[in-house]
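Nothing in this text is a laboratory measurement; each read-out follows from the coordinates by a stated rule. Model, not experiment: these values are computed from the prediction. Here the Cβ positions follow ideal geometry from the backbone for every residue, glycine too, while neighbour counts run over all protein chains shown.
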Amino acid sequence: MHQHPQQETAAPAAGTHRRRSPRRRTNLLLGMAAALATAVGFGTLASPAAQAAENPYERGPAPTASSIEALRGPYAVSQTSVSSLAASGFGGGTIHYPTSTSDGTFGAIVVSPGYTARESSIAWLGPRLASHGFVVFTIDTNTVYDQPASRGRQLLAALDHLTERSPVRSRVDSDRLGVMGHSMGGGGSLEAAKSRPSLRAAIPLTPWNLDKTWPEIQTPTLIVGADGDSIAPVSSHAEPFYTSLPSSLDRAYLELNNATHFAPNVSDTTIAKYSVSWLKRFIDEDTRYEQFLCPLPRPSLDIEEYRGNCPHGS
Ligand code: 9J3
Ligand code: ZN
């Protein structure tokens, strides 16, 4: 039986990498051209505000490298617990949601723990992701021994609970849902996406599954592996899972550097920043986050390897 360390060790916030590219000058010129066009009375160049209005799912301010790495995003978060007695098809859990009711509905995500583990093992993701403008349901499974296929069904049951029966159901956009999970919960995320293609995002974290091939998945999927994982080695889990996804799909493989199977069990800046970016891009269709996914992240102290595509469409 493995350990699931619980301390909320905040990974050191990496420095703010402000980008000052030659593009700045181009932007300035474009801005002047836009102002001129507006003044002259033809609006062919949309202002930033007009562009924002074009995406009804955009929530929160424009992101920066530091905002996606911070311990909390811009939204204050509340929580409400769901008793296992009130849960049907999963083991109950905690719903984390933006406190504000003045920003419309939010996309939602359910997160499953791994084998032998409880909700507490993935609890840090609740407020961390919710504070960026998502309703996040961190769950317990029916039993801690449930296998990935069962965890996949439980993720979907929890999504249904969230959108149909929970006290926050009116805050959730039931068309913009996603799944995450650790280990067998990550394997479960793949199962859930396979059986419900309407899901907008899946993020399996150091996933474990006996099924190595996922060509059926149509949901944009970010697979997170760990280079030092000896329980779900990337060579027999995360990597073949990624490789088997359709090459036409929005997909990515992030391999954490110097990390174990249990990296997703404690607050982790790298997991958080790419999860936030993936969820924002695919659940909120928020292209402001594409800058963190494209060009593809380079290897670093935190990233052993990153594979994937620049997000399709706009
Ligand atoms: O959920 C997990 O941690 C899966 C890895 C595991 O312990 O598999 C043993 C069968
Ligand atoms: Zn398969």
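In percent, what relative contact order does region 174-314 have, based on Cα pairs under 8 Å that are 6 or more apart in sequence?
Once divided by the residue count of region 174-314, the mean separation gives 21 percent.
List K273, K280 from most exposed to least, where exposure is judged by having the fewest other Cβ atoms within 10 Å.
Final ranking by Cβ density, sparse to dense: K273, K280.
Please work out how much length the chain gains when fully extended from S248 to S230, using 0.36 nm per residue of separation minus the C-alpha to C-alpha distance, in nm with one decimal.
Numbers: separation 18, 0.36 × 18 = 6.48 nm, distance 3.02 nm.
The span from S248 to S230 would gain 3.5 nm if fully extended.
Separation of region 219-284 and region 64-78 by C-alpha centroid, Å?
20 Å
Quick query: amide H of W214 versus all other amide H atoms, modeled in the peptide plane; which residues come in under 5 Å with a sequence gap of 5 or more or a different chain?
Long-range HN contacts for W214: S244, L245.
So what's the projected area for region 205-281, the Cα convex hull averaged over all directions, in nm²?
Reported value for the Cα convex hull: 4.9 nm².
Can you give me the orientation-averaged projected area of the convex hull built on the Cα atoms of region 80-308, in nm²?
Values: hull surface 43.0 nm².
Answer in nm², one decimal: 10.8.
What translational D, rounded to a whole number of µm²/s, comes out for region 87-149 from Stokes-Einstein when the hydrodynamic radius is the Kirkwood one over Cα pairs, at 10 °C and 1.306 mPa s?
Estimated diffusion coefficient is 130 µm²/s.
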